[in-house]
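The values are calculated or read from the model by the stated rules, or taken from the named source; none is laboratory data. Quick caveat, the model's predicted, so the values are computed rather than measured. Don't worry about glycine lacking a Cβ; one is built from the backbone with ideal geometry, like all the others, and counts go over all protein chains shown. With ligands, DNA and RNA removed, areas are computed over all heavy atoms of the protein, side chains included. Shrake-Rupley method; radii C 1.70, N 1.55, O 1.52, S 1.80 Å.
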Amino acid sequence: MNALTVEELATPLRALRLLATDFTHLPAPTIRVTEIFPDRLELSFHGDAEDLGGFAAFETWRQALRVEPDAVEFAVQSGGRTHVLSTYTEFAGASVRLVAYGPGAQAPTGAEVA
């Protein structure tokens, strides 16, 4: 695989800059930009058994980016111990992936489950 330059990652980095400017009040995600998907920005959220904050933060960002609830996918991994919510949207020319991981002991509720 050829190494990319930072310039070739400009689209998701630009989107990140705009998100950081326009949505300063939202919960901070784990941010990922990778040369494997050079046009994608991934925002991930993690919760544990005591704190379902990963799902709540995901929902806050989903609403802010105007992603319809029925565009959210639900999955189970790690033998049912982890629930995963994910969706894709476009923002500032970048593909933005929102993903949340939380405990499987309690399923997400409300608009979080499509």
Any chance Val96 is under 21 Å from His25 (Cα atoms), at pLDDT 95 or above and open to solvent by less than 20 Å² (accessible area, probe 1.4 Å):
yes
Going through region 1-21 in order, the residues found to be among the polar types (S, T, N, Q), assigned to a helix (DSSP H, G or I) and open to solvent by 60 Å² or more (accessible area, probe 1.4 Å) are Thr21
It is to be established whether one or more residues within region 59-82 are open to solvent by 30 Å² or more (accessible area, probe 1.4 Å), farther than 17 Å from Val99 by Cβ, part of a loop (DSSP other than H, G, I, E, B) and out of contact with any strand residue (DSSP E or B) (no Cβ under 9 Å at 6 or more places or on another chain). no
